[in-house]
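Some notes on the structure that comes next.
The values are calculated or read from the model by the stated rules, or taken from the named source; none is laboratory data. These numbers come from a predicted model, not from an experiment. No Cβ is skipped: glycine too gets one built from the backbone with ideal geometry, and neighbour counts run over all protein chains shown. Just so you know, the surface numbers come from the protein's heavy atoms only, side chains and all, with ligands and any DNA or RNA stripped out. Shrake-Rupley method; radii C 1.70, N 1.55, O 1.52, S 1.80 Å.
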Amino acid sequence: MTLDIAGLVQEREGGDLVAPRGQLVPLLPAGHAALPEIVCGSSVDGLVVVGEASRALEALPRVRPEIMGGVKLCYLDPPYNTGERFAYYDDRRDSDAWLNDFKSHLEGLRPLLASDASVWVHLDDSEQHRARVVLDEVFGREAFVGTIIWQKRLTRDSRKAFSSMHDYIHVYAPAGPKAWKRVRNGLSDGGAFANPDGDPRGPWRSAPMTVQAGHATPSQFYTVVTPTGAKHEPPAGRCWTYTEARLKELVAEGRVYWPRGGDGKPRLKRYQSESGGLAPFTIWGASEVGDTASAKKSLLREFPSMAAFDTPKPIELLERIVGIATDPGDLVLDYYLGSGTTAVASQRLGRSWVGVERNADVVERFVVPRLVSAYRANPAGGIGLSRLG
Ligand SMILES: C[S@@+](CC[C@H](N)C(=O)[O-])C[C@H]1O[C@@H](n2cnc3c(N)ncnc32)[C@H](O)[C@@H]1O
């Protein structure tokens, strides 16, 4: 007997499912709204729920009790209420009705959030200003962290008075921006770290150990003697960053690098593990994280014969968001999953995730095949599917 999920055939043998890679996975009762079918792997680390967001938010704590207070990142890309009709969903609603649903979903989300969570809401000018007021009401004004402007298109739309080329991503952290900054990840500054001396603290790179002499104390002016006996004074207008006593401690701890075979001026080893990364800017360009056209193109390459999903977000954009807001193993939620970009990014980055999408056709055509291919590229973290009748 076979069970066919969007082209993925799993053979059922005496009560067990044989997953694509051949391993046996336990069979969960089919058709039970509360229990997921296994799509890939032998566990459910990522779960697609086919159903309405409101029902899913209510049912999820029963399916996965650990979700209560466990969601570290919620990324939301709802229909913007643009007044358009897309191939896979209708985006024409009364503004008040749109806001009511948006608010009631956020209220359902609140108890699921971890204390150090963040909620990212992606919108355009149709509702973003009204949605911000709702976000302030639900999470409190003090939870507002910032608004990211994402450059979503590069071509001009001459039919309009202004050719809008950006979306808004409002970021809220219920613990407040200061507390959230301590848990969020900065961006890589692109600098290379290496470990040529096998330092047990891991890869490092070096930085000069001098600063401008403006506020120096006398203890920052002295002659440094290198391991080879070379002598150095601080350059004109500068002093050593540390006093001689502190430099000796750093040398003893192995945190000082002496260039030119031990003859050069001391440099401080800065470790990758201690680097918090760069604070992200609030404007994200298409050249860094892709745009709508690049996201659509990449989906069309994957599914050339299918009617395009109109509004996918680029995988690079979601990987950046997931990378900033979570660490491996954290739980990501998206209850307007669409073609599944948040789930694919989370899967690729080793996060647990739950994605909710009410259009079963979208799940079968895009979400499941994209996830299966992410799983096959890196078979870690099993994937499940649950249908809320
Ligand atoms: C803008 S799309 C999301 C696109 C997605 N971020 C991607 O990269 O493909 C919004 C999706 O939310 C789904 N949706 C809208 N309202 C929903 C609801 N109440 N419950 C569940 N899904 C909903 C729509 O069917 C649509 O697929």
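For the range 204-274, the relative contact order comes to 42 percent (Cα pairs under 8 Å, sequence separation of at least 6).
Per residue, the accessible area of the range 255-336 comes to 48 Å² when a 1.4 Å probe rolls over the protein heavy atoms.
The mean of 1/r over all pairs of different alpha-carbon atoms in the chain, once inverted, gives a Kirkwood hydrodynamic radius of 23.9 Å. Each other residue within a Cβ distance under 12 Å of Val171 adds +1 if Lys or Arg and -1 if Asp or Glu, for a net charge of +3. Going 7 Å from the Cα of Ser373 in the Cα-to-Cβ direction, what parts of the range 281-324 have a backbone nitrogen less than 16 Å from that spot? Within reach of a label on Ser373: 294-310, 312-316. A straight chain from Asn359 to Thr223 at 0.36 nm per residue would run longer than the Cα-Cα distance by 41.8 nm. What you get for the range 204-274, charging only the Cβ of Lys and Arg (+1) and of Asp and Glu (-1), is a dipole of about 200 debye around the Cα centre. The helix-only estimate of mean residue ellipticity at 222 nm for the chain, built from DSSP H runs of length n ≥ 4 each weighted as -39500 (n - 2.57), is -7500 deg cm²/dmol after division by the residue total.
Rounded to the nearest angstrom and listed largest first, the equivalent-ellipsoid semi-axes of the range 280-389 from its Cα gyration tensor are 20, 19, 13. The stretch between Glu302 and Asp197 holds 33.4 nm of extra length on full extension. This uses 0.36 nm per residue minus the Cα-Cα distance. Inverting the pair-averaged 1/r between distinct Cα atoms of the range 161-213 gives 16.4 Å as its Kirkwood hydrodynamic radius.
Overall, the accessible surface of the chain at a probe of 1.4 angstrom is composed of carbon and sulfur to the extent of 52 percent. For the chain, the longest principal axis of the C-alpha atoms and the axis of helix 53-63 are separated by about 80°. Annotation: amide H of Trp353 within the under-5 Å range of Gly46, Leu47, Val332, sequence separation 5 or more or interchain, hydrogens built in the peptide plane.
Which one of Ile283, Ile67, Ile38 has the biggest mean-square fluctuation once the chain is modelled by GNM with Cα springs under 10 Å? Top of the fluctuation ranking is Ile283.
For the range 68-138, GluC sites (Glu not before Pro) are listed when DSSP marks them as loop and at most 11 other Cβ atoms sit within 10 Å of their Cβ; the list is empty. Note on the chain: with a GNM built from Cα contacts shorter than 10 Å, the maximum mean-square fluctuation among Arg376, Arg156, Arg260 falls on Arg260. Counting heavy atoms of the protein chains alone, Phe139 has an accessible area of about 10 Å² for a 1.4 Å probe. A convex hull fitted around the alpha carbon atoms of the range 75-168 yields 125 Å³ per residue. A Förster distance of 45 Å, applied to the separation of the beta-carbon atoms of Ala245 and Val133, puts the FRET efficiency at 0.20. Considering only the Cα atoms of the range 204-274, their convex hull presents on average a projected area of 4.9 nm².
Along the axis of the charge dipole computed for the chain (Cβ charges of +1 for Lys and Arg, -1 for Asp and Glu, origin at the Cα centre), the listed residues Ser386, Tyr257, Trp150 are led at the positive end by Tyr257. Take the Cα radius of gyration of the range 96-249 and divide it by 2.2 N^0.38 Å, N being the number of residues; the result is 1.73.
FRET efficiency for the Arg62 to Arg387 pair, using the beta carbon distance and R₀ = 22 Å, is estimated at 0.90. Which angle from 0 to 90°, rounded to the nearest 10, does the C-alpha axis of helix 128-139 make with the longest principal axis of the chain? Roughly 80 degrees, rounded to the nearest 10.
Note on the chain: GNM, Cα springs under 10 Å; of Ala53, Ala279, Ala173, the largest mean-square fluctuation is that of Ala279. Would you mind checking the tilt of helix 95-109 against the longest principal axis of the Cα atoms of the chain, expressed as 0 to 90 degrees and rounded to 10? Helix 95-109 and the main axis of the chain meet at about 70 degrees. Taking 16 Å as the straight-line reach from the Cα of Lys313, the lysines in range (excluding those fewer than 8 positions away in the same chain) are Lys152, Lys296, Lys297.
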